[in-house]
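The values are calculated or read from the model by the stated rules, or taken from the named source; none is laboratory data. Worth saying up front: this structure is predicted, and the values here are computed from it rather than measured. Here Cβ is always computed from backbone atoms with ideal geometry, including for glycine, and neighbour counts include all displayed protein chains. Quick note on the areas: whole protein, heavy atoms, side chains included, nothing else; ligands and nucleic acids left out. Shrake-Rupley method; radii C 1.70, N 1.55, O 1.52, S 1.80 Å.
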Amino acid sequence: MSALTVRQEIANLDAYVPGLSIAEIQQKYHLSQVIKMASNENPLGMSPMAQEAVKRHASEAFRYPQGGNPRLTLALATRHKVKASRVIVGNGSDELIDLLIRVLAEPGRHNIVCFDPCFSIYPIQSRICGVKAHRIPLKENFSFDFDALLRRVDDNTRLVFLTTPDNPSGFCPPREDVEKLARALAAKAPHCRLVVDEAYMDFADNEEALSLLASGLLPDNTAITRTFSKSFGLAGLRLGYAVLPGNLAGYLWRARLPFSVNILAEEAALAVLNDVTFYEATQQTVRDGRKTLADGLTALKCTVWPSAANFLMFHMPEEGPDARECFEALLQKGIIIRPLKSYGLPDHLRVSVGNAQENQLFLSAMGDIITRHEPSARSGKA
Ligand SMILES: *Cc1c(COP(=O)(O)O)cnc(C)c1O
């Protein structure tokens, strides 16, 4: 018998924990109707124009995509007023995060710096790449300690990761603070790049004031990533992009698997970029729904963190069921939200903004769960 050995980084890996799927909850609880508010997907579903494009181009899927995805790259460069040579597209921004680490950091020697908690893909992919991740705790209110982040950067740090607005809290730092960090980083560590993950930036009320990409003033040590998974509603087609400094995009293209962005994803993306009606309806739905959910949860005495994204992080009321009990009770009612244990926050929950009907179903289920709770059932509480 042959012995199977894998690299120890893989053998010991805590892999990414995705949100539960609708199908698995339908099956487990014998429910016909299940709603998912766990993965920050678009509350309006998929753009009709993008659906049309996928149908129209379905018969071309036997072909390989054009190398380098030039039409999509150009469309994105035009949208963000940057040179096309600075843009790369990937199989989700996840692929680009992984590529940045692989292209810039040497296994066993270099490191990355990110916050704790943060989007777990940064530390997970760095571990897979054999690159150490140094984690800096967020402040108690979930804002960013940029001084501590900068202090942790050393001569071997090749990447610093930030998420703005942040996942899972929804916190968004002022743009000036991010610019200041970029400058301080350039002075302290010339070989290090700052990655600003703007996956949720277009849900912020003042994107123009908060976004580096929207400001057009991109520091030359800074990479911005964005995604088609949230406001553009294409999470299942897997498509993300980055605007990179200097000739970094060229190196990422060199290392990227040749056809990681498929023909149907590319056509859907080109169509949805033109679907202004869908985009604006999404923005309005998220803004209205975010307020409805925040007000509703607050009225139920939950603690809700201010969010600039399409989700809310919250804490159960002192007398209510705990986060785990609430999550399970919601599942039984056919509502999937996100427990934050895998982010190291076992007492916190995250709910994605849904459409108006989903938001109402969620709030009324929460009302039931909280008011029906028998306080004496909770151990250690008076
Ligand atoms: C959802 C999300 C993304 C998007 O990932 P894709 O691979 O593009 O689907 C990126 N960063 C953060 C922080 C996210 O929450």
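Under 12 Å from the Cβ of residue 52, count the other residues' Cβ atoms, weight Lys and Arg +1, Asp and Glu -1, and hand me the total. Let's see the in-between values first.
Numbers: positive: 55, 56; negative: 267, 275.
Surrounding charge for residue 52 is 0.
For Cα pairs less than 8 Å apart in space and 6+ apart in sequence, what is the mean separation divided by the residue count of the chain, i.e. the relative contact order in percent? Show your work: numbers first, answer last.
Values: 690 pairs, mean separation 87.6, N = 382.
Relative contact order for the chain comes out at 23 percent.
Where does the charge balance sit around residue 88 when Lys and Arg score +1, Asp and Glu -1, over other residues with C-beta under 10 Å from its C-beta? Write down the numbers at each step before the final one.
Details: positive: 86, 256; negative: 95.
Summing Lys/Arg as +1 and Asp/Glu as -1 gives +1.
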Distant-in-sequence amide H partners of residue 133 (H built 1.01 Å from N, under 5 Å): 112
0 to 90° range, to nearest 10: angle between helix 92-104 axis and the chain longest Cα axis: 50
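Using the heavy atoms of the protein chains alone and a 1.4 angstrom probe, what is the accessible area of the chain per residue in square angstrom?
On the way: 17840 Å² over 382 residues.
Here the residues of the chain average 47 Å² of exposed surface.
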Kirkwood hydrodynamic radius over Cα pairs of segment 48-274, then Stokes diffusion coefficient at 4 °C and 1.567 mPa s, in µm²/s: 72
Local net charge near residue 244, Cβ-Cβ under 9 Å (Lys/Arg +1, Asp/Glu -1): +2
Percent of beta bridges antiparallel (DSSP, the chain, rounded to nearest 5): 45
Rounded to 10°, Cα long-axis angle of helix 70-80 versus longest principal axis of the chain: 70
Whole-number percent relative contact order across segment 48-274, with pairs defined as alpha carbons under 8 Å at least 6 apart: 29
Alpha-carbon centroids, segment 73-102 and segment 197-245: separation in whole Å: 10
Leading residue at positive end of dipole, the chain (Cβ point charges), from 303, 168, 59: 59
Dipole magnitude of the chain, debye to nearest 20 (Cβ charges: Lys/Arg +1, Asp/Glu -1, about Cα centre): 900
Listed residues 272, 87, 17, most fluctuating in the chain (Gaussian network, C-alpha, under 10 Å): 17
Charge dipole of the chain about the Cα centre (unit charges at C-beta), most positive-ward option of 101, 224, 115: 101
Nearest 10 degrees, 0 to 90: helix 356-371 Cα axis against the chain principal axis: 50
Span from the segment 138-171 Cα centroid across to the segment 254-299 one, whole angstrom: 25
